[in-house]
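K.L.:
First the structure, then my questions, so here it is.
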Amino acid sequence: MDKIVIEGGLPLEGEIKISGAKNGALPIIAATLLCPGTHIIHNVPDLRDIRTILQLMETFGITWEKADTNTLAINSDNVSSFEASYDLVKTMRASVLVLGPLLARLGQARVSLPGGCAIGARPIDFHMQGLQKLGAQLELEQGYVDAKVNGTLRGNAVYFDIPSVTGTENILMAAVLAEGETVIKNAAREPEIANLIDMLTRMGAKIEGRNTDRLVVRGVKKLVPAEIEIIPDRIETGTFLVAVGAAGGDVNLTNCDPALLPSLFDKLRNTGLYLKEDKNSIRVIRSGPLKSVDIKTMPYPGFPTDLQAQMMALMTLTEGLSVIHENIFENRFMHVAELKRMGADIRVDGGRAIVKGHGKLNGAQVMATDLRASASLVIAGLAAQGITEVSRVYHLDRGYDDIVGKLSAVGAKIWREKE
């Protein structure tokens, strides 16, 4: 097992190219189950989660190859199996995204209850209730969701009590082949859902309401293979912006979309960072002390929960008090204990963390507990005095494409070692 070692205190200078969005690629790969043919997907990041879902797709009869470094050609002519086993699903919660397309194409699916990061319950109740509205019969048995449909799925109204990203994506993929009209109310509005809608539309689906919380799907009898490009990863973009804020320096991020992170930009500018946005790039400069800001995580377009841990690391480096409210996942403060090992002054009170910044951190041995917590510890290490060692970095490999290489290229002293 690897660990990441960081010698902190060096400013970052240069250019970083942002990879495709993990959370955009996963549902689009799952969508290739919906119809036979060869689908072409560009700007796919090289991540552990991508390799996991491709392994899972192979068990259904999918074949794939790399057309080039970041392009996948996925052939779905011979989909016959409908079971997603625990051995693969346990490592990645997004595996549940195969439930909707398998049900739509084969009329049945057997999918293990998902695993992944320990940041909260993230139940699949929304998925199941939505699919039942479309006429599916579902049972929970021995840790598996068994889903069947007599005939074809039928359009209906589906309402989410709380916007669910993967729930919205699963119902969308099931509804495109259902008879009649499906209306998804209080749908999640994340940009990755718009990316999936673009893919489904190119496949021949009829969907209205892109980028809104009300999606109308008019089912079609068949779909065709399509070609799509994955949007830039807004969470990777945000992570590197925060990293420059923590370490200091001047970095240009390329192959990104500034329009995807309005709430983060407001907060970063309030900390004193300089941000210059172009169509496909962002320049970030930190040249002075940091100011504290308060954070409340919210569904998109609010502040992303996936950037909360990184911002907390940044707030420990200010000279003020900040309050961070986590409103999405109940267990997403597990990085607090590790930041405190580095000298952070943080107190957790229910769903909020009170951070008293004192301008510095010290290197320490710390342990990653989930994907975004891993990133927060790397950010803290970049700013800390001395050496930081981050263990259990397999979490980091799930969602960041060569983060060590990208940070090294802009001047960070960071490397991987075997534990």
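Every read-out reported here was derived from the displayed coordinates using simple, explicitly stated rules and does not represent laboratory data. Everything quoted here is computed from the prediction, not taken from an experiment. Here the Cβ is made from the backbone with ideal geometry for all residues, glycine too, and neighbour counts use every protein chain on show.
K.L.:
Could you compute the FRET efficiency for Asp294 and Lys360, with r as their C-beta to C-beta distance and R0 at 30 Å, rounded to 0.05? Before the final figure, lay out the partial values.
P.N.:
Details: r = 21 Å, r/R0 = 0.71.
Once rounded, the FRET efficiency stands at 0.90.
K.L.:
Per DSSP helix of 4 or more residues, -39500 (n - 2.57); summed, then divided by the residues of the chain. What does that give at 222 nm, rounded to the nearest 500?
P.N.:
On the way: 14 runs with 132 residues, N = 419.
Rounded to the nearest 500, it is -9000 deg cm²/dmol.
K.L.:
Under a point spin-label approximation (7 Å from Cα along Cα-to-Cβ), what is the Ala73-Ala157 distance to one decimal in nm?
P.N.:
Here the answer is 4.7 nm between the modelled labels.
K.L.:
Mean 1/r over all different Cα pairs, inverted: what Kirkwood radius does the chain give, in Å? Kindly include the intermediate steps, with their values, before the conclusion.
P.N.:
Working: mean 1/r = 0.0458 Å⁻¹.
The answer is 21.9 Å.
K.L.:
Take the alpha-carbon centre of the stretch 135-205, take the same for the stretch 337-378, and report the distance between them in whole Å.
P.N.:
Centre-to-centre (Cα) distance: 37 Å.
K.L.:
Tell me which chymotrypsin sites (Phe, Trp or Tyr not before Pro) from the stretch 329-397 have a DSSP coil assignment and no more than 16 other beta carbons within 10 Å of their own. Don't skip to the answer; put the middle values down first.
P.N.:
On the way: sites: Phe329, Phe333, Tyr394; in loops: Phe329, Phe333.
Taking the stretch 329-397 and a limit of 16 other Cβ atoms within 10 Å, no loop chymotrypsin sites (Phe, Trp or Tyr not before Pro) are found.
K.L.:
Still on this structure, I have one more. Calculate how many DSSP beta bridges within the stretch 22-229 are antiparallel, expressed in % of all such bridges and rounded to the nearest 5.
P.N.:
Details: 27 of 36 bridges.
Once the DSSP bridges in the stretch 22-229 are tallied, antiparallel ones form about 75 percent.
K.L.:
Once you have the Cα-Cα distance between Glu319 and Ala409, take 0.36 nm times their residue separation minus that, and quote the gain in nm to one decimal.
P.N.:
29.4 nm
K.L.:
How high is the relative contact order of the chain? Use alpha-carbon pairs under 8 Å, at least six apart in sequence, and give a whole percent. Let's see the in-between values first.
P.N.:
Details: 1047 pairs, mean separation 91.1, N = 419.
The normalised contact order for the chain reaches 22 percent.
K.L.:
Please order Glu139, Glu227, Glu338, Glu389 by the number of other Cβ within 10 Å, starting at the fewest.
P.N.:
Values: Glu139 11, Glu227 14, Glu338 23, Glu389 18.
With the sparsest Cβ surroundings first, the list reads Glu139, Glu227, Glu389, Glu338.
K.L.:
For the stretch 22-229, take the alpha-carbon Rg, divide it by the Kirkwood Rh, and send me Rg/Rh. Intermediate results must be reported in sequence, preceding the final value.
P.N.:
Details: Rg = 15.3 Å, Rh = 16.6 Å.
Rg/Rh for the stretch 22-229 comes to 0.92.
K.L.:
Here's something else I'd like to know. Along the Cα→Cβ direction, 7 angstrom out, place labels at Thr63 and Arg416. What is the inter-label distance in nm?
P.N.:
Here the answer is 3.0 nm between the modelled labels.
K.L.:
Straight-line reach from Lys267: which lysines have a Cα under 16 Å away, not including same-chain ones fewer than 8 places off?
P.N.:
Candidates past the 8-residue exclusion: Lys276, Lys291, Lys296.
K.L.:
At 7 Å along the Cα-to-beta-carbon direction for both Arg218 and Arg202, put a label point, then send me their distance in nm to one decimal.
P.N.:
2.3 nm
K.L.:
While we're on this one: Taking Lys133 as the anchor, which lysines have their alpha carbon closer than 24 Å to its alpha carbon, excluding any fewer than eight residues away along the same chain?
P.N.:
Partners found: Lys148, Lys185, Lys206, Lys221, Lys222.
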